[in-house]
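The values are calculated or read from the model by the stated rules, or taken from the named source; none is laboratory data. For clarity, every value in this text was computed on a predicted model and none was experimentally measured. Cβ placement follows ideal geometry from the backbone for every residue including glycine, while neighbour counts extend to all protein chains displayed.
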Amino acid sequence: MARITVEDCLKNIENRFELVMVASKRARQLELGAAEPTVPWENDKPTVVALREIANKQVDVGL
């Protein structure tokens, strides 16, 4: 399990507040089962998976 930092995510979404909004919306989608994760789950919480997806540029910012 790789550690994800805010700095990793800010390379893809420059505004911290927008990052929070995108990550929370994606985490909610994952938790409700509305979308499949694009990275391995690895017993992480939905928020961590969402941040990993953002850091890997696998989430559309316009969610």
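Within the set 5, 47, the sole residue that is modelled with pLDDT under 90 and β-branched (Val, Ile, Thr) turns out to be 5.
Taken over the stretch 8-25, the criterion of being touching a residue at least 24 places away in the same chain (Cβ under 8 Å) and out of contact with any Ser or Thr (no Cβ under 9 Å at 6 or more places or on another chain) is satisfied by 8, 9, 11, 12, 13, 18, 19, 22, 25.
Could you list, in sequence order, the residues of the stretch 45-56 that are surrounded by fewer than 18 Cβ atoms within 10 Å (Cβ to Cβ) and among the charged types (D, E, K, R)?
Within the stretch 45-56, the subset surrounded by fewer than 18 Cβ atoms within 10 Å (Cβ to Cβ) is 45, 47, 56.
Within the stretch 45-56, just 45 meets the criteria.
The number of residues in the stretch 1-50 being within 10 Å of the chain's Cα centre (by Cα), in a loop (DSSP other than H, G, I, E, B) and closer than 12 Å to residue 61 by Cα comes to 0.
Every residue in the stretch 1-44 that is among the basic types (Lys, Arg) and surrounded by 12 or more Cβ atoms within 10 Å (Cβ to Cβ), please. Lay out the reasoning, then the answer.
Step one: of the stretch 1-44, the residues among the basic types (Lys, Arg) are 3, 11, 16, 25-26, 28.
Across the stretch 1-44, the qualifying residues are 25, 26, 28.
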